[in-house]
């Protein structure tokens with residue numbers, strides 16, 4: 001697995017954050033964790049991510065929960081992202097989504 005498989009997950013299961021010009025795409029916990037596993041075969045560092053709630057009208061409302069990674073070890077960055085997302089307590093009343101922020105020269109076109 002790798003970056004192309006990650007992009008396919010974003011295309012098939014992601015919701016674009018339309019108000020942002022940097023093409024952020026939100027995915028469920030299941031797909032966020034899968035995406036981290038897919039990126040393990042790449043040299044891409046996960047710089048952090050944001051947590052948002054999907055509203056009934058499709059708007060991605062920020063929860064203001066997030067994590068960040070400032071190091072240069074991509075394996076540590078993946079571990080931190082995986083641990084944060086897997087342990088994040090999702091309230092039943094909210095449809096929580098995650099946005100991964102990657103250190104990459106590639107630009108994702110949604």
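Just so you know, all these numbers are worked out from the coordinates, no wet-lab data involved. Owing to the predicted nature of the structure, the values given are computational and were not obtained by experimental measurement. Cβ: placed from backbone, ideal geometry, glycine included. Neighbour counts: every protein chain shown.
Tabulated values for the structure
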item: Rounded if a/c under 1.5, otherwise prolate or oblate - segment 9-64, Cα gyration tensor axes; result: prolate
item: Sorted by Cβ density within 10 Å, fewest first, the residues 23, 97; result: 23, 97
item: Cα convex hull of segment 56-95 - mean projected area over all directions, nm²; result: 3.8
item: C-alpha long axis of helix 74-87 to longest principal axis of the chain, angle in °; result: 30
item: Spacing of the two label points (7 Å from each Cα toward its C-beta) at residue 13 and residue 92, in nm; result: 2.4
item: Neighbour-count ranking [beta-carbon atoms within 10 angstrom, fewest first] of 38, 1; result: 1, 38
item: Rg followed by Dmax, in Å, when the chain is reduced to its Cα trace; result: 13.0, 39
item: Cα long-axis angle, helix 3-13 against the chain (0 to 90 degrees, to the nearest 10); result: 10
item: Between 0 and 90°, nearest 10: helix 29-39 axis offset from the chain longest Cα axis; result: 20
item: Proxy reagent accessibility, fewest Cβ within 10 Å first, across 89, 78; result: 89, 78
